[in-house]
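I have placed the structure first, in the form of structure tokens, so that the comments after it can refer back to it.
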Amino acid sequence: MDDHALLAEQMAYYRAGAAEYDRPYAEREDLRALPATLDDLPIAGDVLELACGTGRWTPLLAARARSVTAVDAAPEVLSLARARTPHTHVQFVQADLFTWRPSRRYDTVFFAFWLSHVPPARLPDFWQTVAGAIAPGGRAVFIDDGPAEAAVEEVL
């Protein structure tokens, strides 16, 4: 499957399943405990959250940040993210992360469970976008599945 078809399939999946996307966080103990790890990560200042999805991480980031810009391509998940994020210093942006470029730099660029969705051929450009979004002295922070997780994933 080419990258365009794969990404179109991913988008259709997230748009159709937005309301059910967070179910694993309720069902799996390891995922329920994961948000607490944010306390140990170097997140501060102005934060760019890439692929914010339903906003599982957005309010947690907002509690530690001066500002948060949360970006996702799917309007359905952005609607859920807005509903669960009461902070006024959070801006939501609907955009394709493979074509969107931030207009400014951030102290922290954060993404969770997104890197595993980036087709390998697009990784260099994605990392260039991340590097270009980080202010001097800033950091990229991400959480994702390791290679062992792929062995237990169900292919649909």
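The values are calculated or read from the model by the stated rules, or taken from the named source; none is laboratory data. From a predicted model like this one, the values you see are computed outputs, not experimental measurements. All Cβ positions, glycine included, derive from the backbone under ideal geometry; neighbour counts span all protein chains shown. Ligands, DNA and RNA are excluded from the accessible area calculation, which covers all protein heavy atoms including side chains. Shrake-Rupley method; radii C 1.70, N 1.55, O 1.52, S 1.80 Å.
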Practice problem: Would you mind putting 88-98, 70-80 in packing order, based on average other-beta-carbon counts within 10 Å, highest first? | Solution: 70-80, 88-98
Practice problem: On the protein heavy atoms, probe 1.4 angstrom, tell me the percent of accessible surface of the range 36-156 carried by carbon and sulfur. | Solution: 54
Self-check item: Residue among L48, F142, A112 farthest towards the positive dipole end of the range 30-156, charges placed on Cβ
Solution: L48
Self-check item: Amide H partners (placed H, <5 Å) of S67, local residues excluded
Solution: D46, V47
Quiz item: What is the list of residues in the range 56-70 whose amide nitrogen lies under 19 Å from a point 7 angstrom out from the Cα of T37, following Cα to Cβ?
Solution: 56-62, 64
